[in-house]
1. Just one of 117, 76 is part of a loop (DSSP other than H, G, I, E, B), modelled with pLDDT under 95 and not aliphatic (A, V, I, L, M); which is it?
2. Tell me which residues, restricted to segment 129-148, are more than 24 Å from residue 84 (Cα to Cα) and open to solvent by 30 Å² or more (accessible area, probe 1.4 Å).
3. Before we move on, is residue 60 open to solvent by 20 Å² or more (accessible area, probe 1.4 Å), farther than 18 Å from residue 131 by Cα and touching a helix residue (DSSP H, G or I) at 6+ places or on another chain (Cβ under 8 Å)?
4. Looking for whichever is in contact (Cβ under 8 Å) with a residue 40 or more places away in the chain and touching an Asp or Glu at 6+ places or on another chain (Cβ under 7 Å) here; the options are 93, 145, 71. Which one fits?
5. Of everything in segment 96-128 that's touching a residue at least 40 places away in the same chain (Cβ under 8 Å) and open to solvent by 30 Å² or more (accessible area, probe 1.4 Å), which residue is farthest from residue 164 (Cα to Cα)?
6. Within segment 25-50, how many residues are of a type in the set (S, T, N, Q) and over 17 Å from residue 163 (Cα atoms)?
7. Only one of these is within 13 Å of the chain's Cα centre (by Cα) and in a strand (DSSP E or B): 67, 50. Name it.
Amino acid sequence: MKPAQFDEIFSIMEDSFPESEFRTYGSQKALLDNPHYRISTRQDAGGRIIAFLAAWEFPELRFVEHIAVSPNIRGGGTGKLLMNSYLARSETPVLLEVEPPDGELERRRIGFYERLGFHLNPFDYVQPPLRPGQQDLPLRIMTYPRPLQAAEFQQYREILYSKVYK
């Protein structure tokens, strides 16, 4: 990936997520050297990146850490196309994190993933800090193509904690 492409992705990330949900520029860029980390993108007619999906791929599961669309074109189906393309290429369960359904925005986001075939799991989960000085972030896990059993959730959580969050 060219440096300018990463800069475009990171700019969309900054516009799309609170600081507690993504790493610093240097830490995020360092992930590009990890063989389990992949980024898929969508570009406009001029070749500018307008959306991305960043995921971790392991034998047991795939974990979508980030999916985001440039703010000026959200709502046009780009995120749905990107996620459906990713799901079609996966033969293992796909997981992602969402905020608990406490507000309207969170419920809308969960609904978006449910319409794509994801299931909100009932298990307690926290995202470990991605930056120094941050606290654990209470989130929920959604899974595709089906909900998880408790033992599966425990196994997958351990994979995320040991390989993604270290």
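1. Working: 117 fails: modelled with pLDDT under 95.
Criteria check complete, one pass: 76.
2. Across segment 129-148, the qualifying residues are 129, 131, 132, 133, 134, 135, 136, 137, 138.
3. Numbers: open to solvent by 20 Å² or more (accessible area, probe 1.4 Å): yes; farther than 18 Å from residue 131 by Cα: yes; touching a helix residue (DSSP H, G or I) at 6+ places or on another chain (Cβ under 8 Å): yes.
Considered against the rule, which asks whether it is open to solvent by 20 Å² or more (accessible area, probe 1.4 Å), farther than 18 Å from residue 131 by Cα and touching a helix residue (DSSP H, G or I) at 6+ places or on another chain (Cβ under 8 Å), residue 60 comes out as yes.
4. Of the residues listed, the single one that is in contact (Cβ under 8 Å) with a residue 40 or more places away in the chain and touching an Asp or Glu at 6+ places or on another chain (Cβ under 7 Å) is 71.
5. So the first thing to find is which residues in segment 96-128 are touching a residue at least 40 places away in the same chain (Cβ under 8 Å), and the list is 96-100, 127.
With open to solvent by 30 Å² or more (accessible area, probe 1.4 Å) added as a condition, the list becomes 97, 99-100.
Numbers: 97: 13, 99: 18, 100: 21 Å.
Filtering first and then ranking leaves 100.
6. Going through segment 25-50, the residues of a type in the set (S, T, N, Q) turn out to be 27-28, 34, 40-41, 43.
Still in the list and also over 17 Å from residue 163 (Cα atoms): 40-41, 43.
Summing the residues that are of a type in the set (S, T, N, Q) and over 17 Å from residue 163 (Cα atoms) in segment 25-50 gives 3.
7. 67
The values are calculated or read from the model by the stated rules, or taken from the named source; none is laboratory data. Bear in mind the structure is a predicted one, so any value in this text is a computation, not a measurement. In this analysis, Cβ positions are derived from the backbone assuming ideal geometry, glycine residues included, and neighbour counts consider all displayed protein chains. SASA here: full protein model, heavy atoms, side chains in, ligands and nucleic acids out. Shrake-Rupley method; radii C 1.70, N 1.55, O 1.52, S 1.80 Å.
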